[in-house]
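The values are calculated or read from the model by the stated rules, or taken from the named source; none is laboratory data. All values reported here derive from a predicted model rather than from experimental measurement. Neighbour counts run over all protein chains shown; Cβ positions are idealised from the backbone, glycine included. The accessibility values were calculated without ligands, DNA or RNA, using every heavy atom of the protein model including side chains. Shrake-Rupley method; radii C 1.70, N 1.55, O 1.52, S 1.80 Å.
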Amino acid sequence: MFPDSILQNEENQKYELIKDISYTNSIHKIYLCFMPYTAQLQRGDLIAIYRTKDDKGSARYRSVITSVCQIEEVKTNKDFANVEDFLAYTNYYSIFNPDELRQWYQQKNCYVLKMTYNIALTKRVTNGYMVDELKMAPDYWGFFQLTDGQFDAILKKGEVDESIIIN
């Protein structure tokens, strides 16, 4: 979904990770989840994309913030008249195929985040940095609010030109 967000040690797999498919080549992204707090997001909110660890090492080093997106819309599956409308909205900008999207549509409390992909961080910001330096300790790392100071520190550590992000 975020082709510029691969880790350095995945460079040898880059060809397989970045394919010519619409959801990787578009600045629009559709993220589907079951996290009810995402319903609080508003158009224009900036979010840091957090990639959870794989099985190759500790979350301290392998769970990282990779990029920044801006929320366009937040919907639930109930906001669509039928599954066809849901597919038309989600199909080209999500990582799921139509059969998987139909399953999402059938689920209770499915949240649909439409985002604009702003930028990949030059340096990935690790879980270890967030815990040690930014004193983050959320109950659930999947979705939580950052302070303005934490967000700014992430951008600085990620070597993002601040002029790219407009608040």
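Which one is least open to solvent (accessible area, probe 1.4 Å), of the residues in the range 75-94 that are among the β-branched types (Val, Ile, Thr) and touching a helix residue (DSSP H, G or I) at 6+ places or on another chain (Cβ under 6 Å)? The qualifying residue least open to solvent (accessible area, probe 1.4 Å) is Thr90. For Tyr129, state whether it is at pLDDT 95 or above, more than 22 Å from Ala39 (Cβ to Cβ) and not aliphatic (A, V, I, L, M). Spelling it out, Tyr129 is indeed at pLDDT 95 or above, more than 22 Å from Ala39 (Cβ to Cβ) and not aliphatic (A, V, I, L, M).
Filter the range 124-167 down to residues that are touching a strand residue (DSSP E or B) at 6+ places or on another chain (Cβ under 8 Å) and polar (S, T, N, Q) and give me whichever is most open to solvent (accessible area, probe 1.4 Å). Explain how you work it out, then say what you get.
First pass over the range 124-167, keeping only residues touching a strand residue (DSSP E or B) at 6+ places or on another chain (Cβ under 8 Å): 124-127, 130, 141-143, 146, 151, 154-155, 157-160, 164-165, 167.
Filter again for polar (S, T, N, Q), leaving 126-127, 167.
Values: Thr126: 40, Asn127: 21, Asn167: 158 Å².
Looking at residues that are touching a strand residue (DSSP E or B) at 6+ places or on another chain (Cβ under 8 Å) and polar (S, T, N, Q), I get Asn167.
Candidates are the residues of the range 95-111 that are free of Cβ contacts under 8 Å to residues at least 60 places away in the same chain, farther than 15 Å from Phe80 by Cα and not polar (S, T, N, Q); the one that is least open to solvent (accessible area, probe 1.4 Å) is Pro98. Counting only residues that are among the β-branched types (Val, Ile, Thr) and open to solvent by less than 50 Å² (accessible area, probe 1.4 Å), which one in the range 10-53 is modelled with the lowest pLDDT? Among those that are among the β-branched types (Val, Ile, Thr) and open to solvent by less than 50 Å² (accessible area, probe 1.4 Å), it is Thr24. The number of residues in the range 30-45 being touching a helix residue (DSSP H, G or I) at 6+ places or on another chain (Cβ under 9 Å) and of a type in the set (D, E, K, R) comes to 0.
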